[in-house]
Amino acid sequence: MLILAKSILSITLGLVIAIVTGLIALPFLRKLKATQTVSNLINKRHQLKNGTPTLGGIIFIIPPLIITTMLAIRGSMEMNANLIIILLVFVAYAILGFIDDYLKIKEHNNKGLPTLVKLFFQIILAIVFTFIYIKNGGTTALDVSLFGIHLELGWGYALFVLFLLVATTNAVNITDGLDGLCGGLSAMAFLAYGVIAFGSTWIMGSESIALFSFTLVGSIIGFLLFNSHPAKVFMGDTGSLALGGALASIAILTHHEISLALIGGVFVIETLSSLIQIIAIRKFNKKVFLKAPLHHHFEELGWEETDIVKVFWVAGFLLAMFGVIYGVWL
C-alpha cells in the first residue's frame with residue numbers, strides 16, 4: 001500500500017505543479033511572442049496553428065526537478081547515481097531542444113538547428129551518458145528474459161545504448177505533430193516504466209526511478225490540459241527531446257531496453273513510416289504513405305485530428321500495458 005500511496009502522491013504532485021507552471025508560463029510565452037511557425041508543407045488545418053506559443057515543454061520539465069529535489073531533501077526519495085544520470089540526461093536534451101526552439105522563434109521559421117548539427121549534439125550527449133553509465137558499473141549484457149537469452153556485449157553494448165538514446169529522442173520528436181499526441185503517448189510509456197522500475201528491486205535506486213517516472217506522468221497530464229486540442233501551447237523540441245532522452249535512459253538503467261520497442265511501439269511505428277517514405281521516394285520515386293509520419297497519412301485520408309490522437313492513444317496504452325506484462329511477468 002505504501003508503494004501505491006507514493007505513486008499516487010508523485011502523480012498528484014506532478015499534476016498540480018505542472019498546472020501551476022502552465023498558468024504562469026503561458027502568458028509569459030505569449031508576451032515574449034515565443035510562437036510556433038508552422039511549415040508550409042503541412043496541410044491547411046495545421047496552418048491555423050501558426051502563432052501558437054511553443055517551449056511548452058517547460059511545463060512538464062520543471063515539476064519533476066522541483067519534486068525530486070524536494071523529496072530528496074526531506075528524505076522521502078534517495079538521490080542516487082542512477083536518478084542523477086536520468087536527471088542530467090533529461091535536462092541536457094531539454095537544453096538542446098531549447099536551443100533549437102529558440103532559433104526557430106528568432107528566425108520565424110521551422111528550421112532551427114541544422115539536422116546534422118542537432119544529430120551531432122544528440123550523439124555527443126548519448127556518448128557522455130554511455131561513458132558515465134559504464135564507468136558507474138552499469139552492466140554491458142543484454143537480456144531477453146522471454147527466451148532466456150543473456151548476451152555479454154562488452155563495449156558493443158555502448159554502441160547499442162548510443163543507438164537507443166539517439167533513436168528514441170528522434171522518435172518522440174517525430175511523433176510530436178498533433179495536439180496531445182506525443183504527450184499522451186509519453187505519459188503512458190513513463191507509467192509503464194514506473195511500474196517496471198518499482199518491481200526491479202535489484203537495481204540501485206529502483207524506487208527513485210519509479211517515483212521520477214510517476215512524477216513525470218502527472219506533469220505530462222498537467223501539460224495536456226494546455227496541449228490537448230485545440231492546443232494553447234506546443235511542447236517544442238525542448239519537451240520532445242527531454243522526454244525521449246529520459247525514456248531511453250530509464251529503459252537502459254532498469255535493464256528493460258527490449259521492452260522499449262513495445263512500450264514505445266507507436267513511436268517506433270511513426271519513425272518507421274518516415275524511414276520507409278524516405279527510402280521509397282529516394283530509391284523508387286514513389287510514396288508508400290500520402291504523407292509521413294503516419295499521423296499525417298491519416299490526416300490526408302480525411303480523419304479528424306482528435307480521432308487520430310484517440311486511436312493512437314489507445315494503441316499506445318495497449319502496447320504500454322503489454323510492455324508491463326512482458327517486463328514484469330515474462
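Looking only at segment 17-63, residues that are assigned to a helix (DSSP H, G or I), at pLDDT below 80 and of a type in the set (S, T, N, Q) come to 1 in all.
Taking the criterion of being closer than 13 Å to Ile134 by Cα, among the aliphatic types (A, V, I, L, M) and assigned to a helix (DSSP H, G or I), the residues of segment 147-164 that qualify are Ala158, Leu159, Val161, Leu162. The test for being farther than 25 Å from Ser7 by Cα, aliphatic (A, V, I, L, M) and either in contact with a Pro (Cβ under 9 Å, 6 or more places away or on another chain) or part of a helix (DSSP H, G or I) (or both) does not hold for Ile66. Here Tyr102, Tyr93 are screened, and the one residue that is within 30 Å of Val328 (Cα to Cα) and hydroxyl-bearing (Ser, Thr, Tyr) is Tyr93.
Flag: Leu224 matches the condition of being free of Cβ contacts under 8 Å to residues at least 60 places away in the same chain and either over 11 Å from the mean Cα position of the chain (by Cα) or at positive phi (or both).
All told, Phe234 falls short of being aromatic (Phe, Trp, Tyr) and surrounded by fewer than 24 Cβ atoms within 10 Å (Cβ to Cβ). Residues in segment 174-184 that are surrounded by fewer than 24 Cβ atoms within 10 Å (Cβ to Cβ) and either of a type in the set (Ser, Thr, Tyr) or out of contact with any Phe, Trp or Tyr (no Cβ under 9 Å at 6 or more places or on another chain) (or both): Gly177 only. Segment 245-330 holds helices (runs of 4 or more DSSP H) entirely within its bounds, and those carrying 1 or more residues that are closer than 30 Å to Ser208 by Cα and under 21 Å from the mean Cα position of the chain (by Cα) map to 259-263, 265-284, 305-328. Scanning segment 175-234 for residues that are in contact with an Asp or Glu (Cβ under 7 Å, 6 or more places away or on another chain) and of a type in the set (Val, Ile, Thr) gives a single hit, Thr175. The set of residues from segment 141-162 being surrounded by 14 or more Cβ atoms within 10 Å (Cβ to Cβ) and of a type in the set (Asp, Glu) comprises just one member, Asp143. Out of all the residues in segment 106-113, is one or more modelled with pLDDT of 90 or more and farther than 24 Å from Leu164 by Cβ? No, segment 106-113 contains no residue that is modelled with pLDDT of 90 or more and farther than 24 Å from Leu164 by Cβ.
Do we have Gly112 as under 18 Å from Ala242 (Cβ atoms) and outside any helix (DSSP H, G or I) here?
In short, yes.
The number of residues in segment 163-173 that are surrounded by fewer than 21 Cβ atoms within 10 Å (Cβ to Cβ) and either free of Cβ contacts under 8 Å to residues at least 24 places away in the same chain or under 15 Å from Ile269 (Cβ atoms) (or both) comes to 3. Scanning segment 115-146 for residues that are of a type in the set (A, V, I, L, M, F, W, C), closer than 19 Å to Ser206 by Cα and either assigned to a helix (DSSP H, G or I) or at pLDDT 90 or above (or both) returns Phe129, Ile132, Ile134. Scanning segment 192-220 for residues that are hydrophobic (A, V, I, L, M, F, W, C) and surrounded by fewer than 24 Cβ atoms within 10 Å (Cβ to Cβ) yields a count of 5.
The values are calculated or read from the model by the stated rules, or taken from the named source; none is laboratory data. As the structure is a computational prediction, the values presented were derived from the model and not from experiment. Note: ideal-geometry Cβ built from the backbone for every residue, glycine included; neighbour counts use all protein chains shown.
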